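Report on the structure given below.
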C-alpha cells in the first residue's frame, strides 16, 4: 500500500469509493434510507475536486486501485475519511490520519464522525463534544462532533 497526495484525476474514483464504502461499511449502523440520503451515487465532482485541492488530501493505493482517502483543512477539520470495505482493519485509516495530523498545524483536530467511525476516533484520542443530527436530502443522520488537542 502507498499513501500519496491527491491528484484531480482521482476524483471520480474517490466518489465511487465514497458511495460503496457508505453503503457497505456503514450499513450496520444506518438504515437504507439514511445511507441513500448520505450517499446517493452522485456528487458534485467539481466541488469535491476544489475542496480536495484546498485541503491536505491523501489517497491510499493498493493492488492498482484507490482504497482509501482523507482530507483535512488548515483549521484541523477532518472533512472526509473513507476506506474501501475490502481494506478495513489494515491500518489505512490510521496511516492517513497520522499523516494528516502531522501535516496540519492546528490547536485542535475535529471531525463529524459517523456512528460507525466513532470508536476509531476515540482510539485516536478524540472525544465526543456532542451528539448531533445532520440533515441530508431531508433525512436526519446521527453523528458526533469529535475533537482532540492538536499541535501548534
Relative exposure of 133, 20, 55, judged by other C-beta atoms within 10 Å (fewest first): 133, 20, 55
Prolate/oblate/rounded call for the range 10-79, Cα gyration tensor, a/c under 1.5 rounded: prolate
Computed lengthening from residue 27 to residue 105, 0.36 nm per intervening residue step minus Cα-Cα distance: 24.7 nm
FRET E, pair residue 63, residue 40, Förster distance 30 Å, beta-carbon r, rounded to 0.05: 0.65
Fluctuation leader among 86, 71, 63 - the chain, Gaussian network, Cα springs under 10 angstrom: 63
Computed helical MRE - 222 nm, the chain, DSSP H runs ≥ 4 contributing -39500 (n - 2.57), nearest 500: -9500 deg cm²/dmol
Whole-number percent relative contact order across the chain, with pairs defined as alpha carbons under 8 Å at least 6 apart: 22 percent
P(r) weight above 24 Å for the range 2-151, C-alpha pairs, percent: 29 percent
Global geometry of the range 66-152, whether rounded, prolate or oblate, following the gyration tensor of its Cα atoms and the 1.5 cut on a/c: oblate
Gap separating the Cα centres of the range 68-104 and the range 39-66, nearest whole Å: 12 Å
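Each value in this text was obtained by applying a stated rule to the coordinates, not by laboratory testing. Since we're looking at a predicted model, the values are computed, not measured. Don't worry about glycine lacking a Cβ; one is built from the backbone with ideal geometry, like all the others, and counts go over all protein chains shown.
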